[in-house]
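Below you'll find the structure, written out as structure tokens, and then a few comments.
Bear in mind these aren't lab numbers, they're just calculated from the coordinates by the rules spelled out. In this text the structure is predicted, and so the values were computed from the model without any measurement. In this analysis, Cβ positions are derived from the backbone assuming ideal geometry, glycine residues included, and neighbour counts consider all displayed protein chains.
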Amino acid sequence: MRRRLRNTVVVLGAVGALAVLVPGEAVADSSQCSVPSSTCAARVTFQSYGEVFRVYDQVGDGHSAVLLYWLSDGSGPYYGWNPNGNGTQVTVDLDLAEGDWVFYRACLGEYGDRSLVAGTCSAGVTDYA
Amino acid sequence: MGTVSRRTFLLGGAAAAGGAVVLGVPRWASAAEPTIRYPFTLGVASGDPLPDSVVLWTRLAPAPLNGDGLGGMPASNFAVAWEVASDPAFGSVVASGTSTAVPANAHSVHVVAGGLQPGAWYYYRFKAQTHISPVGRTRTAPASTTQPSSMLFAFASCQHWEQGWYHAHRFLANDQPDLVLWLGDYIYEGTSSQATDVRGYTVTDEVDTLAQYRQRYAQHRTDPNLRAAHAAAPWAAVFDDHEVKNNWAGNDPTTTSPEPGAPPIPSTRKAAAFKAWWENMPTRIPQPTTSSIAAYRRLQWGTLASLHLLDTRQYRDDQAPDGSCPVMRSSTRTITGATQEQWLLDALATRSATWDLLGQQVFFAGRDTGGDAADCNDMSTDAWDGYTASRQRITQGWVNRQVRNPVVLTGDVHRHWAANLHLDYYTGGQIVGTELVTSSISSLGSDTAPDLSRMPHIRYIGNQRGYVRCRLTPSQLTSEWVGISSAFQQNPSLVTSSVVRRYAVLDGQPGLVSI
């Protein structure tokens with residue numbers, strides 16, 4: 001997987017707090033929550049540096065957390081399953097060209113038959129390598 | 001036609017834009033433009049060539065699959081520069097300009113690049129902020145009074161996104177045709193069945209809003225083979241039913257229905273579907289502003305060919321009930337509408353070209369798989385069989401007008417077909433025309449062979465996915481049905497194409513000739 005140096009990222013919080021993150025540190029550039037977002041039972045983050053998805057199971061509801069993503073070559077959805085239960089995460093590494101886009105969603109699913117739970121997928125978001 | 005240097009293209013906008021404004025913003029761009037990521041993810045296209053101009057198309061979409069259908073673009077206008085050159089390195093730019101991509105049109109751009117030479121090949125590209133698009137290849141039509149020695153064109157249809165990979169587009173692009181005719185079903189509006197197909201929609205419900213239609217078009221354009229086919233040659237595109245709703249019929253919202261007796265499609269849905277189609281096609285037809293669109297039109301290829309692009313959806317009567325011979329054969333029914341029918345017949349009367357090609361959507365020849373004239377249960381009520389009076393008027397019309405070489409080009413049916421045309425498909429008799437039917441790019445098709453002994457005018461059926469490639473000369477049309485080895489195999493190195501059938505149509509002799 002291609003690695004790039006990321007510029008220092010400055011994050012200004014809501015109350016004006018200033019944090020400085022160093023290059024190479026795991027930074028989620030975007031995230032999605034499964035529906036309903038208020039419980040966010042499945043949370044997926046994308047880190048542009050290294051093109052890394054993290055799939056979090058955040059609620060002990062008996063469902064798996066699922067990542068769905070589509071690539072710029074017209075393929076997808078690809079799946080990233082986290083069947084390991086509440087409080088766990090699964091990492092999915094991609095290898096994308098710099099500047100390339102990926103569109104993804106967070107959903108709940110049943111790992112046994114690899115089915116999605118209807119109505120739980122997030123709207124989706126586009127992020128970039 | 002003046003020549004503009006590459007340097008002029010890169011720098012020439014500065015004066016018009018009032019000079020440099022902000023570091024990182026191109027000198028020619030508006031200071032109000034938010035900075036965007038690379039926006040040419042949907043590629044470039046060209047279409048509807050005339051002897052002196054061609055339509056250039058692109059759409060800015062840095063995030064093409066976003067659910068709002070806006071491609072990740074801010075709600076601002078964006079300047080899009082374009083240039084046309086006679087060489088792929090853009091050393092000799094022959095036309096250039098700047099267009100404005102607006103949010104109301106999903107930042108699509110339709111440029112009529114004029115002042116071009118007839119019968120010439122060109123290269124084109126766009127620029128937005130610092131981003132430069134891929135290069136497209138296009139051409140103009142020959143001058144109206146000249147007869148070119150040949151024309152290579154391809155026609156294709158039916159590219160269900162989920163049901164197959166678009167390898168056929170790759171082979172079509174490699175053919176480098178003079179023109180590509182798209183005969184409908186560019187998208188499918190239906191719900192996703194991605195669990196069993198090769199890839200999946202991001203919008204899994206049936207699309208029926210402008211945002212959803214836009215998003216679905218964008219998803220199709222993320223396919224690199226489709227983008228390559230658009231970039232390889234100018235297209236002339238028409239829509240069929242799935243760009244709106246399966247089997248929709250008619251322009252009157254009070255009678256429009258997807259199936260006989262079904263509720264009408266809301267005019268707002270048709271308006272959304274037409275707008276999204278227009279936004280995504282390289283066409284010179286006017287932008288639709290209502291639930292109708294002026295889609296039928298004509299292109300001329302010198303005196304070699306007249307290409308009549310028909311609309312068999314907007315003006316048709318509702319489909320007949322299944323098996324209803326009295327309705328299907330009613331003398332008052334139409335699939336084109338009276339105005340379009342007269343427009344076609346008037347054009348055919350001019351005999352302005354050696355070949356008259358009717359590019360249209362649904363099966364024209366009789367296709368009664370039962371072969372019993374008294375039983376209409378084995379015919380499609382959606383095709384011309386469901387509108388036999390319409391077919392009769394047009395066929396008799398070209399016979400009466402002594403049209404020398406009428407050839408109907410068709411899509412829709414997901415299989416290759418070839419047929420001789422008659423005035424009566426049960427009694428046969430004189431061959432009065434020819435129909436060439438392309439299979440689908442990717443949409444699944446039946447592999448159950450009908451009994452051709454009941455339809456002797458049909459000469460060929462093929463079950464492969466693919467397209468049709470035609471070489472047209474003053475003396476002969478040579479048609480090759482191209483099939484691909486698989487639309488299910490993603491790996492392009494494992495997919496091949498081949499000519500699965502070849503026929504000729506000879507000048508002045510309607511009908512298929514084996515070669």
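Out of B:S497, B:A338, B:V203, whose Cα points farthest toward the positive end of the dipole of chain B (charges: +1 Lys, Arg; -1 Asp, Glu; placed on Cβ)? Going by the charge dipole, the pick is B:S497. With pairing defined as another cysteine C-beta under 4.7 Å, the cysteines of chain B that fail it are B:C158, B:C470.
Report, as an integer, the average count of C-beta atoms from other chains found within 10 Å of each Cβ along B:219-227. All intermediate terms of the calculation are to be shown ahead of the outcome.
Values: counts 4, 1, 1, 9, 3, 3, 2, 1, 1.
Mean number of neighbouring Cβ atoms from other chains: 3.
Close amide H contacts of B:W235 (hydrogens built in the peptide plane, cut-off under 5 Å, sequence separation of 5 or more or a different chain): B:S46, B:G47, B:D48, B:V180.
Taking the longest Cα principal axis of chain B as reference, the axis of helix B:338-350 is set at about 90 degrees.
To the nearest ten degrees, helix B:267-280 and the longest principal axis of the Cα atoms of chain B are 60 degrees apart. Here is how the number arises for chain B: DSSP H runs of 4 or more residues each give -39500 (n - 2.57), the sum is divided by the residue count, and the result at 222 nm is -4500 deg cm²/dmol.
Could you please report the charge total around A:T91, scoring K, R as +1 and D, E as -1 over all other residues with beta-carbon less than 12 angstrom from its beta-carbon? Present the calculation step by step, with values, prior to reporting the outcome.
Values: positive: A:R54; negative: A:E51, A:D93.
It works out to a net charge of -1.
With a simple spin-label model that places each label point 7 Å from the Cα along the Cα-to-Cβ direction, the separation between B:L506 and B:N246 comes to 4.5 nm.
What FRET efficiency would be calculated for the residue pair A:S115, B:A75, taking the C-beta separation as r and a Förster radius of 30 Å, to the nearest 0.05?
Details: r = 38 Å, r/R0 = 1.25.
Working from the Cβ atoms, E equals 0.20.
Remark: mean inter-chain Cβ contacts per residue of A:66-78 equal 5, using a 10 Å Cβ-Cβ cutoff to other protein chain atoms.
The angle separating the long axis of helix B:388-400 from the principal Cα axis of greatest extent in chain B is about 90 degrees. Remark on A:L116: its backbone amide H falls under 5 Å from those of A:E110, a criterion applied only to residues 5 or more positions apart or on other chains, H modelled at 1.01 Å from N. 3J(HN,Hα) along segment B:44-58: 10, 7, 9, x, 6, x, 10, x, 10, 7, 8, 8, 9, 9, 7 Hz, from the Karplus curve 6.51 cos²θ - 1.76 cosθ + 1.60 with θ = phi - 60°, whole Hz, x for Gly and Pro.
Once you have a ≥ b ≥ c as the square roots of the Cα gyration tensor eigenvalues for segment B:443-515, tell me rounded if a/c is under 1.5, and otherwise prolate or oblate according to whether a/b is larger than b/c. Since a/c reaches 1.5 but b/c is at least a/b, the shape of segment B:443-515 is classed as oblate.
Determine the shape class of segment B:271-401: with a ≥ b ≥ c the square roots of the Cα gyration tensor eigenvalues, call it rounded for a/c under 1.5, and otherwise prolate if a/b is greater than b/c, oblate otherwise.
Values: a/c = 2.22, a/b = 1.30, b/c = 1.71.
It comes out oblate by the Cα gyration axes.
Note that segment B:232-248 has calculated 3J(HN,Hα) couplings of 7, 6, x, 10, 10, 10, 10, 9, 10, 8, 6, 5, 10, 6, 3, 6, 5 Hz, one per residue in order, obtained from phi through the Karplus relation 6.51 cos²θ - 1.76 cosθ + 1.60 (θ = phi - 60°); glycine and proline are x. Note that segment B:370-380 has calculated 3J(HN,Hα) couplings of x, x, 10, 5, 8, 10, 9, 6, 9, 10, 7 Hz, one per residue in order, obtained from phi through the Karplus relation 6.51 cos²θ - 1.76 cosθ + 1.60 (θ = phi - 60°); glycine and proline are x.
Using 1/(1 + (r/R0)^6) with R0 = 51 angstrom and r between the beta carbons of B:H131 and A:T88, what's the FRET efficiency to the nearest 0.05? Spell out each step's value before the answer.
Details: r = 40 Å, r/R0 = 0.79.
That pair, B:H131 with A:T88, gives E of 0.80.
Each Cα pair under 8 Å and six or more residues apart adds its separation to the average, and for segment A:40-111 the resulting relative contact order is 37 percent. Annotation: for a label point projected 7 angstrom from Cα along Cα→Cβ of B:T289, residues of segment B:92-125 with backbone N closer than 18 Å are B:102-106, B:110.
Once you list every other residue whose beta carbon is under 11 Å from the beta carbon of B:W417, what net charge do they have if Lys and Arg are +1 and Asp and Glu are -1?
Working: positive: B:R367, B:R415, B:R459, B:R501; negative: B:D412, B:E435.
My count for the surroundings of B:W417 gives +2.
Close amide H contacts of B:C376 (hydrogens built in the peptide plane, cut-off under 5 Å, sequence separation of 5 or more or a different chain): B:C325.
With a ≥ b ≥ c the root eigenvalues of the C-alpha gyration tensor of chain B, is it rounded (a/c under 1.5), prolate (a/b larger than b/c) or oblate?
It is prolate, given that a/c is not under 1.5 and a/b is the larger ratio.
Each Cα pair under 8 Å and six or more residues apart adds its sequence gap; the mean of these over the residue count of segment B:151-514 is a relative contact order of 18 percent.
If I take R0 = 51 Å and measure r between the Cβ atoms of B:T473 and A:W81 in this structure, what FRET efficiency does the formula 1/(1 + (r/R0)^6) give, to the nearest 0.05? If you can, show how the numbers build up before the last one.
Numbers: r = 58 Å, r/R0 = 1.14.
Efficiency computed from Cβ-Cβ geometry: 0.30.
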